[in-house]
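The values are calculated or read from the model by the stated rules, or taken from the named source; none is laboratory data. Since this is a predicted model, take the numbers as computed values, not measurements. Note that each Cβ is placed from the backbone with ideal geometry, even for glycine, and that neighbours are counted across all protein chains shown. We work out accessible area using only protein heavy atoms, side chains counted, and drop any ligands, DNA or RNA first. Shrake-Rupley method; radii C 1.70, N 1.55, O 1.52, S 1.80 Å.
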Amino acid sequence: MLLRAKWDADAVRDDVLEYARKALGEGGTLAVDETGFLKKGEKSVGVARQYTGTAGKVENAQVGVFLSYVTPLGHALVDRELYLPEPWTQDSARRHAGGLPDEVGFESKPALAQGMLQRALGAGLKPAWVVGDEVHGRDSTLRRFLEDLHQPYVLAVAANTHVWRGFSQVKPGDMVQEVPPEAWGRLSAGAGTKGPRLYDWARMRLNRHLGLSRWLLFRRGLKLQL
């Protein structure tokens, strides 16, 4: 029954992606993100004390990685994976109680995201962009996967991430100091409860790779202006 249920779930997932593709059109944005589901017990598959943005701290929770597709016509969730913390996958008793197949092992959140992106892109979806937060942006394997496919992306990275500029490795936190005042432009990141969410933005070119241009995109809160 477990394998049948998985097959049915995969079929539903494929149908949802095809429906979203037809209803929303090509050229949209694929967004990868994770969210937590707070739990009180320890029986749910993958539940553990772990960080979740739902609570903004470490809590007892399940964490899922989700893929959504967005165009001007709307948005839809098109794929999902349950994150299994490594200690959980090594507990044979809990695996057996949860009905977890032997072939299912530990995968990081970026690896789960890559698998979902592979399915969506492999199905022929042609997004203009793939976007994700720092959890996924700091993973160089995921970035190279997208670059190998010549898929444009915007992934957040930490200020201390090492990137190549020329023949040297530099950090975004240092490079932002080189941006001249006139290079900043003010744009909205979308509508908020109090109106447009305005930020100042600037970009700086990095090395090219496989014919693609690499850039650092900086975002600065208005309160940080001097």
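Between Val163 and Tyr19, the contour length at 0.36 nm per residue exceeds the alpha carbon distance by 48.0 nm. For the range 47-128, the gyration tensor built on C-alpha atoms gives an oblate shape. Its axis ratio a/c (a ≥ b ≥ c) is at least 1.5, and a/b is not larger than b/c.
Put simply, the convex hull of the Cα atoms in the range 25-184 casts, on average, a shadow of 12.7 nm².
Just to confirm a number: summing +1 for Lys and Arg and -1 for Asp and Glu over residues other than Tyr51 whose beta-carbon lies under 12 angstrom from that of Tyr51, what do you get?
Values: positive: Arg49, Lys57, Lys109; negative: Glu34, Glu59.
Around Tyr51, the charge tally is +1.
For the range 59-105, the fraction of C-alpha pairs farther apart than 16 angstrom is 54 percent. Of the listed residues Phe145, Phe167, Phe106, the order by accessible area with a 1.4 Å probe, largest first, is Phe167, Phe106, Phe145. Centre-to-centre separation between the Cα atoms of the range 162-202 and those of the range 19-65: 27 Å. Compared with the dominant Cα axis of the chain, that is its longest principal axis, helix 109-122 is turned about 90°.
The listed residues Trp201, Trp215 rank as Trp215, Trp201 when sorted by accessible area, largest first, using a 1.4 Å probe. With a cut-off of 12 Å between beta carbons, the residues surrounding Leu112 carry a summed charge of -3, where Lys and Arg count +1 and Asp and Glu -1.
Can you tell me how the range 1-112 classifies by the Cα gyration tensor, rounded, prolate or oblate, using a/c under 1.5 as the rounded cut? Oblate.
FRET efficiency for Asp91 and Lys194, Cβ-Cβ distance as r, R0 = 41 Å, nearest 0.05? E between Asp91 and Lys194, to the nearest 0.05, is 0.30.
Between the Cα long axis of helix 2-24 and the first principal axis of the chain there is an angle of about 30°, rounded to the nearest 10. Using 0.36 nm per residue and subtracting the Cα-Cα separation, the extra length available between Arg205 and Gln118 on full extension is 28.6 nm.
Residues of the range 142-161 falling in the label zone of Leu212, defined by backbone nitrogen less than 18 Å from a point 7 Å along Cα to beta-carbon, are 142-158. Please check the chain for the longest run free of trypsin sites (Lys or Arg not before Pro) that are loop-located per DSSP (anything but H, G, I, E, B) and have at most 10 other Cβ atoms within 10 Å. No qualifying site falls inside 44-193, the longest such stretch.
Annotation: the range 91-226 has a Kirkwood hydrodynamic radius of 17.8 angstrom, from the mean reciprocal C-alpha pair distance.
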